[in-house]
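K.L.:
Structure below; questions to follow.
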Amino acid sequence: MKSVLKVLEMRTLEDVNKIRQAIAYNEGVVACEVSSEKHEVSVVYDNYFLKLEQLIDCVEDLGYTVL
C-alpha cells in the first residue's frame, strides 16, 4: 500500500532524517521518500504489518503535525 502524508514544520535536513528514520523503524515499511520542499512523506508499506494510523502516530510522536 502507498500513502502520502502532508507534514507541517518540516524544514531542515535534520527534520527529514528524523522522520525517515522513525518511519523506517516500523516493520512492514518497504520504501520511504521524504520531501521537505513539498512537506510530504511518501511511504510504501505492507498493511498486514502496519496501518496508516501507526505511521501518522510515528511522525506526530516526533512533534510534527500530519494533515
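The values are calculated or read from the model by the stated rules, or taken from the named source; none is laboratory data. Not measured: the values here are computed from a predicted model. Using ideal geometry, Cβ is built from the backbone for each residue, glycine included, and neighbour counts are taken over all protein chains shown.
K.L.:
Give me the strands (runs of 3 or more DSSP E) completely within the chain, filtered to those with at least 2 residues that are loosely packed, with under 13 Cβ neighbours inside 10 Å and not aromatic (Phe, Trp, Tyr), ordered by residue number.
P.N.:
Numbers: elements: 2-8, 29-35, 40-45.
Fully inside the chain and qualifying: 2-8, 29-35.
K.L.:
Sticking with this structure for a sec: Within the range 2-12, track down each residue that is farther than 11 Å from Val59 by Cα and either under 9 Å from the mean Cα position of the chain (by Cα) or at pLDDT 95 or above (or both).
P.N.:
Hits for the range 2-12 are Lys2, Ser3, Val4.
K.L.:
Still on this model: Report, by residue number, each residue of the range 10-50 that is more than 19 Å from Leu67 (Cα to Cα), in contact with a helix residue (DSSP H, G or I) (Cβ under 7 Å, 6 or more places away or on another chain) and of a type in the set (S, T, N, Q).
P.N.:
Of everything in the range 10-50, just one residue is more than 19 Å from Leu67 (Cα to Cα), in contact with a helix residue (DSSP H, G or I) (Cβ under 7 Å, 6 or more places away or on another chain) and of a type in the set (S, T, N, Q), namely Asn26.
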